[in-house]
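Quick notes on the structure that follows.
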Amino acid sequence: MVYNSQGGYAHIYIRGIGSDGTIPSSEGSIGTFLDGVYNPNANSSIQHFADVERVEVLKGPQGTLFGRNTTGGAINITTRKPADELNANFSVYGGSYKRIGFDGFITGPIMDWLKVSVAGYYDRSDHYYENINPNGFPIEDVKDWGVRAKILVEPFEGLELLINGYLTDHYGPDTTVANNLRTSLLTELAGGRTETSNTPYKSNADRGPYFNEYRNTALDIHLTYANDWIEVKSISAYLDTDNSGFIELDYTEADLEEVPVPRGFSESYSQEVQIASLWDHPFQFLAGAFYLKSKGGFDPLEISLGPTAALDTTLGVLEDLISPLGLGQLLGGLFPGGFPDAATLQTTGIIETKAWAGYGNASYTLWEDVTVRAGIRYSTETRFLLKSETKVELLGLPFVPTILSSPPDERTWSAWSPMASLEYKPDNVLYYAKYAEGFKSGNWNPVLILEPLIPVEPEFITSVEVGFKGDFFDNRVRFNMAGFWYDYQDLQVQVVSIVSSGTARLENAGNARVYGAEAQLSVAPTPDLVINAGAAWIESEYREYFGTGYDEQTGLAFEGDFSGNQLNRAPRWTANADATYTFDLWGGPLDISGNIYYASGWFYDAQNTVEQGAFVIVGARISYLHERSSVRLSVIGSNLTNEAYLMNALLHDFGAHGTYAPPRKILARLDWTF
């Protein structure tokens, strides 16, 4: 799995499948679920948790076992439920970059049938970047806080009502701070230089302050009834995310542009109903229905091209180049006497989604060690284009004229997604083969300024996977291995181009192929030593993709053939290992562990011109538990070798920019549990 972020939006890829969208109304190919509730916004997927119980990573298409359909996989995060007895844990920590924070969780019964829990956190640190531009702004601090409360009501045996609400708030530069990785002619003519703007952890950008701010407000209600035969479950959920931010694209000393985001938002309501068998019988089933209504977008997104003398000069020099393109035509028609100072394009794009789905999954144990499974899902989704317009704000004008506007529109997409598998489990080894299909609906590009609004078509995936999972040598060795093959149709790829389209948009790549293998090994040679290791090999290729690229000299967009190139963020080789040894000391155990991760590198663009080379990350942890007091002291080190590698990169008209992942960090943590 590759987990990155760009401008505050989570970019999650599993086996080369994922999405790099930075528009609130676009959804990822990897679904994120929190306590069984689907989160449609990649911005609100980045959260701090104080009460995590477990995290599950599901690979490949999903859709016949729970609510939302996904094409590449799902991440399911489960937080702790209120408990029957009073217990709590509190943590304080501090570390590199003046980081300080605390987590807390407490739970217990109010009455026999009523239990509650409350969790909260606060986290503050300096950012690891600094701004070296004398005309730039200081880098902002990072601040996080949040609270989660749960109420569990069990009026009689078999009936359970769980009410869960949370509020989280985040402010910080995150990945809105970046380096210029490659300048275009547009940036160079304005005075920008890569050699002065690509030192890791040092920004030479002239605008600011750069920040990403978002607040999540959520409430979900889980009603469950179970007896010896069946379980019936209802999940009603509401999630509201508001975010704002400030970025630029060239990230050099050039006075070119800035992209303020006064407001991005996502609001969703979902309802899911499930019924599942609990009986002791070879035949088992699960069936469900899912409904989602969401609305999101930018209201507005701004592109400020002044005040700047450099832009007039640059556009004058490049007039022959950009005049046939969208930006040249628009600016030439609006401002024949030259581009004015302090002009801002304000683009608003809002999309509403209504999605319905029914799904089912059944299994039958033919013999004691052979089980067949089959599932089906039907999805239908309608995307409503509620608003798409662009205004231009000029310094000194008492009004803001609308220069472009598109009428409301809607499109509906539907699909069947089947699944079938065969399992054979003699003793402690499970052999399996699985076939599955996945679907992600089409969408609109609501914030286009210079192109007509046409819908983005849905993406489809066909998956075949075979493998085994086994425990050996009295469960002291666990070894899993899988091989997979994906056929990926009309995958949705994001493109950012100010000159040709005016902002970010999605486009369809015709066809891609992904195949590979992965293995995980866990060994406990002694009760005090545990060793884990894993490796993955992936081959990925755009088999048919005629799309948008960027000239490496001018930086201007063009239509090119990228067939044969590797998929974004799809490393050919990855490997990881960790080991933990426990010493028995007076008063309690001392754990010493180390971990290492290797990736052969990947491309950040379909054109395969912005590359992250191979890198290695090393971490370590030492932890001592004083059993009598239930106090644990831990010291954790990450990226101990100070490896400089990119956690994101974006290609566009001004060149390419990216943010380096954090350097070496040390954290000390004190935990108390009772």
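Summary table below
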quantity	calculated
Heavy-atom accessible area order for W672, W537, largest first, 1.4 Å probe	W672, W537
Cut-off 17 Å (backbone N to label point 7 Å along Cα→Cβ of W416), residues of region 355-391	357-362, 374-381
Cα-based equivalent ellipsoid of region 186-293: semi-axis lengths in Å, sorted from largest, via gyration tensor	53, 17, 11
For q = 0.16, 0.18, 0.21, 0.23 Å⁻¹, Debye-computed log10 I/I(0) when each Cα of region 510-565 counts as one equal scatterer	-0.67, -0.74, -0.84, -0.90
Cut-off under 5 Å, modelled amide H: who pairs with F615 long-range	A599, G601
Carbon plus sulfur fraction of accessible area for region 30-84, probe 1.4 Å, in percent	53 percent
Lysines whose Cα lies under 25 Å from that of K98, excluding same-chain neighbours fewer than 8 positions away	K143, K202, K665
Proximal aspartates and glutamates to K354, defined as alpha-carbon separation beneath 17 angstrom and excluding residues fewer than eight positions away on the same chain	E27, D240, E267, E272, E381, D409, E410, E457
Cα-based Kirkwood hydrodynamic radius, region 579-639, one decimal, Å	14.2 Å
Segment D561-N532, extension gain: residue separation times 0.36 nm, minus the distance between their alpha carbons	6.2 nm
Equivalent ellipsoid semi-axes - Cα gyration tensor, region 415-528, angstrom	43, 18, 10
Length added when fully stretched, E393-D112, from 0.36 nm per residue minus Cα-Cα	95.0 nm
q = 0.16 Å⁻¹, region 80-185: log10 I(q)/I(0) [Debye, one scatterer per Cα]	-0.81
Viscosity 0.890 mPa s, 25 °C: Kirkwood-radius Stokes-Einstein D of region 90-135 over Cα pairs, µm²/s	179 µm²/s
Label-point separation, V232 to K469 (7 Å along Cα→Cβ), nm	3.1 nm
Cα-based convex hull, region 563-674, per residue volume (Å³, whole number)	125 Å³
Under the Debye formula (equal points on every Cα, no solvent term), log10 I(q)/I(0) of region 345-456 at q = 0.11, 0.16, 0.21 Å⁻¹	-0.58, -0.81, -1.05
Residue list for region 444-477, given a label point 7 angstrom along the Cα-to-Cβ vector of V523 and an amide N cut-off under 15 Å	472-477
Rounded to whole Hz, the Karplus (6.51, -1.76, 1.60) HN-Hα couplings of region 345-358, x for glycine and proline	8, 10, 10, 10, x, 10, 10, 10, 10, 10, 10, 10, 7, x
Residue range of the chain that is longest and free of GluC sites (Glu not before Pro) which are both DSSP loop and sparsely packed (at most 16 other C-beta within 10 Å)	369-551
In Hz, Karplus ³J(HN,Hα) per residue of region 233-239 (6.51, -1.76, 1.60; θ = phi - 60°; x = Gly, Pro)	9, 10, 10, 10, 9, 10, 9
222 nm mean residue ellipticity, helices alone, for the chain (DSSP H n ≥ 4; -39,500 (n - 2.57); rounded to 500)	-1000 deg cm²/dmol
A362 paired with N576, simple spin-label distance in nm, labels 7 Å along Cα-to-beta-carbon	3.8 nm
Angstrom value of the Kirkwood radius, inverse mean 1/r, which spans all Cα pairs in region 490-621	17.9 Å
Ellipsoid equivalent to region 63-128 - semi-axes via the Cα gyration tensor, in Å	29, 27, 7
Rh by Kirkwood over Cα pairs, then Stokes-Einstein D for the chain at 0.890 mPa s and 25 °C, µm²/s	91 µm²/s
Within straight-line cross-link reach of K391, aspartates and glutamates at Cα separation under 13 Å, skipping those fewer than 8 residues along the same chain	D299, E302
Sites S629 and E195, calculated FRET efficiency, Cβ-Cβ separation with R0 45 Å, nearest 0.05	0.20
Length added when fully stretched, I132-L670, from 0.36 nm per residue minus Cα-Cα	190.1 nm
Surface per residue (accessible, 1.4 Å probe) for the chain, Å²	42 Å²
Label point distance in nm, V477-V92, each placed 7 Å from Cα along Cα→Cβ	4.7 nm
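The values are calculated or read from the model by the stated rules, or taken from the named source; none is laboratory data. Model, not experiment: these values are computed from the prediction. Note that each Cβ is placed from the backbone with ideal geometry, even for glycine, and that neighbours are counted across all protein chains shown. With ligands, DNA and RNA removed, areas are computed over all heavy atoms of the protein, side chains included. Shrake-Rupley method; radii C 1.70, N 1.55, O 1.52, S 1.80 Å.
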